[in-house]
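Taking it in order: structure first as structure tokens, then the write-up.
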Amino acid sequence: LQEVPPLPLTMSTVATWIQPSGYRTGFVGKYLNRYPGDMPGANPRHVPPGWDDWFAQFSETGNAYYKYSVNDNGNIVERGNQPEDYLTDVLNNRAVDLVDRWSGDPTRPFFLWVNTAAPHVPMVPAPRHADVLFEGVIAPRTPNFNEPDMSDKPSWFRDLPEFGDDTIARLDGAQRQRLRSMLSVDDMIGNLVRALERSQALA
């Protein structure tokens, strides 16, 4: 594939702003919807300007928790469907590794952007969290949840039917799955905080 010239917007980002000032810059996770792009000539190995370390996930479905690809500094790595391939944990390991490596030099600041796919659909929890119940948790019942009077809504919205019991049960189940998938994000945040504390880089 041919290299596509950087788009103007990628030439002016937080990474390109601070890298010239001596910051090391790292990106870990989901970059953009439809990344790396579906235009002719789009190169999945392309690393946007300004990033010292680039670890960006992509897949045909956009938000796969297993069986996805990673652009690891221009090298494409294919991940499988084993427990160790679970996306949030893979991102966790890379982010903690960067903190451990970069915090060893206090004279060079670093900026690390970690962007998880969780709890985005299909909101798959890590294997260790798959059986967490969140018993009694339901989708938020805001005032507009399954609103019976839609007369003040746009015409295309007014004709939508009210949710039946099966639909509401699916929504409640999806809410529990979101929370389960967020437990691995909680683990990641804890691990990153501990890595920063170890390095005395936590401000």
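The values are calculated or read from the model by the stated rules, or taken from the named source; none is laboratory data. Source: prediction; values computed, not measured. Here Cβ is always computed from backbone atoms with ideal geometry, including for glycine, and neighbour counts include all displayed protein chains. The accessibility values were calculated without ligands, DNA or RNA, using every heavy atom of the protein model including side chains. Shrake-Rupley method; radii C 1.70, N 1.55, O 1.52, S 1.80 Å.
Brief remarks follow.
- Screening Pro119, Pro49, Pro106 for residues that are assigned to a loop (DSSP other than H, G, I, E, B) and surrounded by 15 or more Cβ atoms within 10 Å (Cβ to Cβ) leaves exactly one candidate, Pro119.
- Selection of region 150-177 for residues being among the acidic types (Asp, Glu) and either surrounded by 10 or more Cβ atoms within 10 Å (Cβ to Cβ) or farther than 30 Å from Ala126 by Cα (or both) yields Asp152, Asp159, Glu162, Asp172.
- Near pairs, Cβ below 6 angstrom, 6+ apart or cross-chain, from region 187-203 (in contact (Cβ under 8 Å) with a residue 40 or more places away in the chain and surrounded by 16 or more Cβ atoms within 10 Å (Cβ to Cβ)) to any residue that is assigned to a loop (DSSP other than H, G, I, E, B) and among the aliphatic types (A, V, I, L, M): Leu196/Leu202
- Only one of Arg128, Arg141 that is open to solvent by 30 Å² or more (accessible area, probe 1.4 Å), of a type in the set (Lys, Arg) and over 16 Å from Leu183 (Cβ atoms): Arg141
- Leading residue by the ranking (most open to solvent (accessible area, probe 1.4 Å)) among those in region 56-78 that are farther than 18 Å from Arg34 by Cβ and in contact with a strand residue (DSSP E or B) (Cβ under 6 Å, 6 or more places away or on another chain): Glu78
- Count of region 134-158 residues which are among the basic types (Lys, Arg) and assigned to a loop (DSSP other than H, G, I, E, B): 2
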